[in-house]
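Encoded as structure tokens, the structure appears first; notes follow it.
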Amino acid sequence: MIKVENFIGGKFTPCSKHIDSFNPSNGQVHACIPDSSSDDVEQAVEAAQKALPGWSGLSTRERSKVMMKIADLVEQRLDEFAVAESTDQGKPVWLAKAVDIPRTILNFRFFATAILHQMNESTEQSEFGAVNYTVRCAAGIAGLITPWNLPLYLLSFKVAPAIGAGCCVVVKPSEMTSVTAWMLCQVFQEAGLPEGVVNMVFGTGKNAGAAIVQHPKINLLSFTGSTAVGKYIQEKSAQHMKKLSLELGGKNAGVIFADANLDKCIPTSVRSAFANQGEICLCTSRLFVHQDIFDEFCKRYVETVRSTLKVGPPKDNSSKIGALVSKEHMEKVKSYIKLAVKEGGTILCGETVDPPLQLPEENSQGYYCQPTVIVGLKDDARCMQEEIFGPVVCIAPFTGEDDVIKRANDVPYGLSATLWTQDVSRLHRLARQFEAGTIWCNCWLVRDLRMPFGGMKMSGVGRECQKESIEFYSEVKTICVQYAS
Ligand code: NAD
């Protein structure tokens, strides 16, 4: 049993209350984490305040050096981190080893380098005999609140640019996946990160999370999670005019034209719906397929799902889909599948139509769900409109360009979209018409950290990436020097 402790002012700090954390692969409690209160958050903010002048006063090169060391130390413990991430979250170990932990390492290295290349602006002399130039200063104490689906990957995507820009931070990981964040605190100690630069308070959203959101000395908040909580944060933080970055939910569309290269499109679209058990905000959960290829596409899609997506224990290398994060989440996903049938949908494969999973005895209480493909739903069905965040995809036919863009955009969300066509003119013409922050053409999840990432509509506010993240965690000031007397 792992006992997680808060990390405040560079020290592991006991908390008076605790909550259980479950291993989704077998339903057993595997860790005990602090149920932090507003008092714990207060201590963390005080530690951050104390550390801020020293840390923000260092040169970018000095901060960069510590961040590089953090990346190296995580890399040395890559296997250990990957097993812990899988045990906490339910994803296959191979996936955590190939994606989550390498991306965490990259986040620290990338921002350690990016801060060295940050340039400021200046003007030629003005008619007043003055020059102006800008400087960027740390924006203060940042509150960082993160979800359970890509726990360390997304947490490091906030911590790295924040501390790179000179902020000190109070972080709250999801109460369901806290172990790798706690391990990262061990790395911070070993890397020599000064005390109080990163403070981690573990616990629930309603206690620790809400205390961070409402703390008057936390100047800015970066949140990744559900749209419902994002709305709450936006409302509450208005009281103190906090700077906000919100990365929220998605109901992403894929549009597949008859000229698409199906040999690439089908396996990629299967991956885009089911990677990480479908628990990625960017997963493509609605596919619009041109009428002329609809039947062939569905047949080949289902064959690919059945032949390539084995569901099983996360530690088994042959499992392509592990367990969902919690019992509650699994039940929610399965209730959407039942709802789809009531809404007139037909299930082509997965839950309710395929034989029940054969799992080893030790995993019989785990939270598994078979990859499920649904057709026949109307665009306004709840399963076509609401984020399910599990291994479920809905496929619908379309006939015309204008019509399909309208249908793809007809949801409250606007995070990402995918477009499959070999017609270059159509590709450029349509890509810009999606109401989404990222549009992948003939590919999916090919990410470049230099490019803005974020959502439109109810999918969020702001962008995260090289330039935008560093700008978010800093304040720009204009300095005007008049040299003419
Ligand atoms: P969630 O909103 O339930 O929780 C996210 C975090 O917020 C957790 O740490 C939680 O404890 C905390 N929280 C909950 N209530 C709070 C409150 N009242 N005040 C402060 N903090 C609170 O989301 P989740 O279930 O952990 O994650 C799944 C959601 O995250 C999905 O909607 C998914 O699309 C979204 N997501 C978005 C992105 C993106 O980049 N846009 C990435 C990953 C996940």
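Confirm whether V373 is farther than 21 Å from R271 by Cα, among the hydrophobic types (A, V, I, L, M, F, W, C) and not assigned by the TED database to the domain that holds S25. Spell out how you get there, then give the answer.
Values: farther than 21 Å from R271 by Cα: no; among the hydrophobic types (A, V, I, L, M, F, W, C): yes; not assigned by the TED database to the domain that holds S25: yes.
Here the answer is no, as V373 does not meet what is asked.
Looking only at helices (runs of 4 or more DSSP H) that lie completely in the stretch 322-438, which have at least 1 residues being farther than 22 Å from F297 by Cβ?
On the way: elements: 327-342, 382-385, 401-409, 424-431.
In the stretch 322-438, the matching helices (runs of 4 or more DSSP H) lie at 327-342, 382-385, 424-431.
Condition first: within 15 Å of the ligand (Cβ to nearest atom), within 24 Å of the chain's Cα centre (by Cα), in contact (Cβ under 8 Å) with a residue 12 or more places away in the chain and open to solvent by 50 Å² or more (accessible area, probe 1.4 Å). Now tell me which residues in the stretch 234-250 satisfy that.
So the first thing to find is which residues in the stretch 234-250 are within 15 Å of the ligand (Cβ to nearest atom), and the list is 234-240, 242, 244-250.
Now drop any that are not within 24 Å of the chain's Cα centre (by Cα), which leaves 234-238, 242, 244-250.
After this cut, where a residue has to be in contact (Cβ under 8 Å) with a residue 12 or more places away in the chain as well, the list is 234, 236-237, 242, 244-250.
Matches in the stretch 234-250: Q234, K236.
Does any residue of the stretch 313-321 turn out to be of a type outside the set (S, T, N, Q), under 30 Å from V229 (Cα atoms) and within 16 Å of the ligand (Cβ to nearest atom)?
Pass one, the stretch 313-321, residues of a type outside the set (S, T, N, Q): 313-316, 320-321.
Remaining after also requiring under 30 Å from V229 (Cα atoms): 314, 321.
After this cut, where a residue has to be within 16 Å of the ligand (Cβ to nearest atom) as well, the list is none.
No, that holds for no residue.
Does K231 satisfy the criteria of being among the basic types (K, R), open to solvent by 10 Å² or more (accessible area, probe 1.4 Å) and in the same structural domain as F288 (by the TED database)? Before the answer, list the steps.
Numbers: among the basic types (K, R): yes; open to solvent by 10 Å² or more (accessible area, probe 1.4 Å): yes; in the same structural domain as F288 (by the TED database): no.
It is false that K231 is among the basic types (K, R), open to solvent by 10 Å² or more (accessible area, probe 1.4 Å) and in the same structural domain as F288 (by the TED database).
Failed condition for T421, given (1) within 11 Å of the ligand (Cβ to nearest atom); (2) not assigned by the TED database to the domain that holds C137, with all others met?
Unmet for T421, out of (1) within 11 Å of the ligand (Cβ to nearest atom); (2) not assigned by the TED database to the domain that holds C137: (1).
Pairs needed: first member in the stretch 314-326, open to solvent by less than 10 Å² (accessible area, probe 1.4 Å); second member anywhere, aromatic (F, W, Y); C-beta distance under 6 Å; at least 6 residues apart or different chains.
Matching pairs, first to second residue: A323/Y367; A323/Y368; L324/Y367; V325/W148.
Of the numbered conditions (1) away from the ligand (no atom under 16 Å from the Cβ); (2) out of contact with any Pro (no Cβ under 6 Å at 6 or more places or on another chain), I470 fails exactly one; give the number of that condition.
(2)
Evaluate the stretch 251-270: report whether one residue or more is within 14 Å of the ligand (Cβ to nearest atom) and assigned to a loop (DSSP other than H, G, I, E, B). Before the answer, list the steps.
Filtering the stretch 251-270 down to residues within 14 Å of the ligand (Cβ to nearest atom) leaves 251-252.
Keeping just the survivors that are assigned to a loop (DSSP other than H, G, I, E, B) gives 251.
Yes; the residues of the stretch 251-270 include at least one that is within 14 Å of the ligand (Cβ to nearest atom) and assigned to a loop (DSSP other than H, G, I, E, B).
Identify, please: which residue in the stretch 465-485 is among the small types (G, A, S) and open to solvent by less than 60 Å² (accessible area, probe 1.4 Å) and is, among those, farthest from T123 (Cα to Cα)? Quick ask: steps written out before the conclusion?
First, the residues of the stretch 465-485 that are among the small types (G, A, S): 469, 474, 484-485.
Now restrict to residues that are open to solvent by less than 60 Å² (accessible area, probe 1.4 Å): 469, 474, 484.
Numbers: S469: 24, S474: 21, A484: 15 Å.
Once the filter is applied, the top-ranked residue is S469.
From the set of residues in the stretch 282-312 that are outside any loop (DSSP other than H, G, I, E, B) and within 16 Å of the ligand (Cβ to nearest atom), which is surrounded by the fewest Cβ atoms within 10 Å (Cβ to Cβ)? Can you show your working first?
The first filter runs over the stretch 282-312 and keeps only residues outside any loop (DSSP other than H, G, I, E, B), leaving 284-308, 311.
Retained after the next criterion (residues that are within 16 Å of the ligand (Cβ to nearest atom)): 284-286.
Details: T284: 28, S285: 25, R286: 23.
The residue in question is R286.
Taking the stretch 155-181 as the search range and keeping residues that are of a type in the set (A, V, I, L, M) and part of a strand (DSSP E or B), which one is surrounded by the most Cβ atoms within 10 Å (Cβ to Cβ)?
Only one residue tops the list, namely V170.
Does F274 meet the test of being assigned to a helix (DSSP H, G or I) and either crowded, with 23+ Cβ neighbours inside 10 Å or near the ligand (Cβ under 10 Å from one of its atoms) (or both)? Explain how you work it out, then say what you get.
Working: assigned to a helix (DSSP H, G or I): yes; either crowded, with 23+ Cβ neighbours inside 10 Å or near the ligand (Cβ under 10 Å from one of its atoms) (or both): yes.
For F274, the condition - assigned to a helix (DSSP H, G or I) and either crowded, with 23+ Cβ neighbours inside 10 Å or near the ligand (Cβ under 10 Å from one of its atoms) (or both) - is met.
Please work out which residue is nearest to the ligand (Cβ to nearest atom), limiting yourself to the stretch 197-224 and to residues that are crowded, with 24+ Cβ neighbours inside 10 Å and of a type in the set (G, A, S).
G209
Quick one: would you say T180 is near the ligand (Cβ under 8 Å from one of its atoms) and modelled with pLDDT of 95 or more? If you could, list the steps in order and put the result at the bottom.
Working: near the ligand (Cβ under 8 Å from one of its atoms): no; modelled with pLDDT of 95 or more: yes.
Answer is no for this residue.
Please work out if D380 is at pLDDT below 95 and more than 25 Å from K310 (Cα to Cα).
Numbers: at pLDDT below 95: no; more than 25 Å from K310 (Cα to Cα): yes.
Taking the combined requirement at face value, the residue does not satisfy it.
Could you figure out which of (1) under 24 Å from I374 (Cα atoms); (2) buried (at least 16 other Cβ atoms within 10 Å of the Cβ) isn't true of G462?
Every listed condition holds for G462 apart from (1).
Condition check: assigned to a strand (DSSP E or B) and at negative phi. Does C15 satisfy that?
It is false that C15 is assigned to a strand (DSSP E or B) and at negative phi.
The values are calculated or read from the model by the stated rules, or taken from the named source; none is laboratory data. Bear in mind the structure is a predicted one, so any value in this text is a computation, not a measurement. Every residue, glycine as well, gets a Cβ built from its backbone with ideal geometry; the counts of neighbours run over all protein chains shown. Accessible surface is based on the protein model in full, side chains and every heavy atom, while ligands, DNA and RNA are left aside. Shrake-Rupley method; radii C 1.70, N 1.55, O 1.52, S 1.80 Å.
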